[in-house]
Amino acid sequence: MLILYGVPHSLYTGKVRAYLRKRGLAYVERSPAHPDFRAEVVPRIGRAINPVLQLPDGVYVQDSADIIDHLDRDAPRPGALPKAALQRVIALVVQLYAVAGLTRHAMHYRWSCFDEQSVFLTHAFRAGGDEQHAQAVMARMAGYLPMLGVTAETAPAIEGSYHDLLDALEGHFARHPYLLGGAPSIGDYALFGPLFAHLGRDPVPSQIMKNRAPSLFRWTERMQAPDADMPEFPDHAPDFLPDDAVADSLAPLLRHMALDLFPGLHDMAAALALQVADHDPTEDTPVTDRPHQRILTTIRTRFRGVPHDSGVQPYLFYLWQKITDSVDALDADARERVATELDRHGLGELLTIPRPIRVERRDHREVWGRRIAEPRSDPVRAVAGNG
């Protein structure tokens, strides 16, 4: 049997748990307070982190994206990663957005609104431990806010963005059970992490969601069911839309993601280039000095026009290159079609912003990959994306 180490209020655990349920895979969930976590998992992973999945053969897989990628290799159709070109790329873009964009919203509403939901959160973090441990963990989690660009100055923009996101997703989920039709994709699982564990479960943001976007809240219920759970949509087959189609109702979400992802990704890529130029990293060496260190450096950037400091997370480049790798693997016609569609929604820069080096994951942490000899180049598309 699979063993999932995680907690109910963990964003990334929720993503994996939903996938296990949808696949019908037998598993048992254990808290990090379980004695085996400290005795066996932490020494193997190198740090205390969740989720971690223990496979029946004793192998450990850490990181929600890696866990789903590993399990999905032998999944029956449709699986989590669409085979069709555009649907696959859109799902991967949503996966990047869920970390690069939506984590900011999730952490803001959890910790900036702590006083209004302290009883709920203390109960969640105390499970499996004691009050002192809960307070220490909560303080550490709240300490991540500056790294994510969550400040008093950015709070109004973050809350406005959350409302915009709710409206975009409400419009789509009123018409379709999942992002790409009648089956959940990696994009659904990625969104579900923050939209359930934080924003759909914590009292303050979940009340906003229920009042403003009831179809979205219904989707969070659907994502936890072991079946398709879509009686409201009798005309939807349990599969992605045919012919690599992407519903018109998804367009507001795509435009929303473009607004929230840039210029942050531009600034992070520039910081990566400086880091590589200054330190000349060796391939296969860890990106950060310590396993628990989550940022490479700090930059000054903007979110919806509001300046703020932000940490540069190597993990974002790992998810980003999944998108560009997927596009690069296409034939010329399919690549042009996908790039044109991304351009149409303001997301074309994902394919044109240069990055000088790859970031891979080995032994449960990010490591430097190979140098990219020449930056990605498509002057016509780069101009269109910058517009």
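Can you order the peptides 347-355, 40-48 by their average number of other Cβ atoms within 10 Å per residue, highest first? Let's see the in-between values first.
Values: 347-355: 21.2, 40-48: 15.6.
Ranked from most to least packed, the peptides come out as 347-355, 40-48.
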Checklist entry - If one computes the Cα centroid of the range 161-224 and of the range 263-301, what distance in Å separates the two points? => result 32 Å
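Taking only DSSP H segments of four or more residues, each worth -39500 (n - 2.57), what value at 222 nm results for the chain once the sum is divided by all its residues, to the nearest 500 deg cm²/dmol?
-14000 deg cm²/dmol
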Item to check | Model label zone, Ala225; criterion: amide N under 16 Å from point 7 Å along Cα-to-beta-carbon; scope the range 1-27 | outcome: 18-19, 21-24
Checklist entry - Shape of the chain from its Cα gyration tensor (a ≥ b ≥ c, root eigenvalues): rounded if a/c is under 1.5, otherwise prolate when a/b > b/c, or oblate? => result rounded
Checklist entry - By a straight-distance test (C-alpha under 19 Å), which lysines pair with Lys22 as possible cross-link partners, with residues fewer than eight away in the same chain excluded? => result Lys83
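Leaving ligands, DNA and RNA out of it, report the carbon-plus-sulfur percent of the accessible area of the chain at a 1.4 Å probe. Mind dumping the intermediate values first?
Details: 8590 of 16430 Å².
C and S fraction of accessible area: 52 percent.
Grab the beta carbon distance between Arg294 and His123, set R0 = 25 Å, and tell me the FRET efficiency rounded to 0.05. All intermediate terms of the calculation are to be shown ahead of the outcome.
Details: r = 26 Å, r/R0 = 1.06.
With R0 = 25 Å, the Cβ-Cβ based efficiency is 0.40.
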Next on the checklist: Below 16 Å, Cα to Cα, which aspartates and glutamates can Lys322 reach? Residues fewer than 8 away in the same chain don't count.
Outcome noted: Asp63, Asp66, Asp69, Asp72, Glu349, Glu360, Glu366
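The values are calculated or read from the model by the stated rules, or taken from the named source; none is laboratory data. Quick caveat: nothing in here was measured; it's all calculated off a predicted structure. Neighbour counts are summed over all protein chains in view; Cβ atoms, including those assigned to glycine, are modelled from backbone coordinates with ideal geometry. Ligands, DNA and RNA are excluded from the accessible area calculation, which covers all protein heavy atoms including side chains. Shrake-Rupley method; radii C 1.70, N 1.55, O 1.52, S 1.80 Å.
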